[in-house]
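Peer 1: Next up is a structure, given as structure tokens.
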Amino acid sequence: MDLPRPLPAPDDDAGWPGCVGAALPPSAIVLPGGVAAAPRWKGAYALAFTLVDPVAFSYRGAGHSLPPGHYVYAGSAYGPGGIGARLGRHFRRDKKRHWHIDHLTASAGGMTAFAIEGGSECAILARLGALPGFGHVLAGFGSSDCAACRSHLLVWRPPA
Ligand SMILES: [Zn+2]
């Protein structure tokens with residue numbers, strides 16, 4: 001695995017990304033700014049990241065642009081390599097853009113990962129989506145094979 005890329009925690013707005021961690025089960029482990037300690041076990045993860053600039057990409061045949069802000073994406077890794085391998089990919093900037101999330105992680109100004117052994121990304125989305133400040137931004141993003149969630153990407157706006 002590539003060496004982790006050191007990243008500062010995105011703490012430019014009060015509450016971020018602590019509000020993500022606070023919403024997750026106590027068993028969630030925090031992997032701030034790197035994957036050196038990422039586990040081999042399988043489960044779900046949340047990526048809390050900050051976009052400093054707008055990110056434009058093609059989505060379902062149309063152009064989309066996400067504005068700067070704080071976002072959280074949830075996914076799962078039950079294949080070979082587990083969460084460690086998956087997060088290693090998310091934290092690399094030079095990668096083939098295979099998934100839509102790759103456009104965002106390649107441009108993120110700061111990123112923190114939370115991992116939950118045996119967890120479900122849909123459960124993460126349900127927990128976060130029930131909290132004030134979190135909302136879906138692009139229907140179907142990351143959830144094309146999921147019937148339960150509107151998307152697997154949330155934006156977080158600090159309470160006014
Ligand atoms: Zn889902």
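The values are calculated or read from the model by the stated rules, or taken from the named source; none is laboratory data. These numbers were taken from a predicted model, which means no experiment stands behind them. Neighbour counts run over all protein chains shown; Cβ positions are idealised from the backbone, glycine included.
Peer 1: Return only the number of the condition from (1) loosely packed, with under 14 Cβ neighbours inside 10 Å; (2) modelled with pLDDT under 85; (3) not in a loop (DSSP other than H, G, I, E, B) that ALA36 does not satisfy.
Peer 2: The one condition ALA36 does not meet is (3).
Peer 1: Considering only the stretch 85-118, state which residues are in contact (Cβ under 8 Å) with a residue 40 or more places away in the chain and among the small types (Gly, Ala, Ser).
Peer 2: Of everything in the stretch 85-118, those that are in contact (Cβ under 8 Å) with a residue 40 or more places away in the chain and among the small types (Gly, Ala, Ser) turn out to be ALA85, GLY88, SER107, ALA108, GLY109, GLY110, ALA113, ALA115, GLY118.
Peer 1: I've got another one for you. Only one of VAL55, VAL137, VAL72 is touching a helix residue (DSSP H, G or I) at 6+ places or on another chain (Cβ under 7 Å) and within 16 Å of the ligand (Cβ to nearest atom). Can you tell me which?
Peer 2: Criteria check complete, one pass: VAL72.
Peer 1: For the subset of the stretch 149-160 comprising residues that are modelled with pLDDT of 95 or more and over 11 Å from TYR71 (Cα atoms), which member is nearest to the ligand (Cβ to nearest atom)?
Peer 2: So, considering only residues that are modelled with pLDDT of 95 or more and over 11 Å from TYR71 (Cα atoms), the one nearest to the ligand (Cβ to nearest atom) is CYS149.
Peer 1: So which residues in the stretch 109-134 are touching a strand residue (DSSP E or B) at 6+ places or on another chain (Cβ under 7 Å) and of a type in the set (A, V, I, L, M, F, W, C)?
Peer 2: Across the stretch 109-134, the qualifying residues are MET111, ALA113, PHE114, ALA115, ILE116, ILE124, LEU125, LEU128, PHE134.
Peer 1: Using beta carbons and a limit of 9 Å, which pairs, at least six apart or on different chains, have the first residue in the stretch 135-160 and farther than 15 Å from LEU51 by Cβ and the second one near the ligand (Cβ under 10 Å from one of its atoms) and among the β-branched types (Val, Ile, Thr)?
Peer 2: Close Cβ pairs (under 9 Å, with a partner that is near the ligand (Cβ under 10 Å from one of its atoms) and among the β-branched types (Val, Ile, Thr)) amount to HIS152/ILE124.
Peer 1: ALA130 - would you say it is at pLDDT below 95, in contact with a Ser or Thr (Cβ under 7 Å, 6 or more places away or on another chain) and more than 20 Å from VAL30 (Cβ to Cβ)?
Peer 2: no
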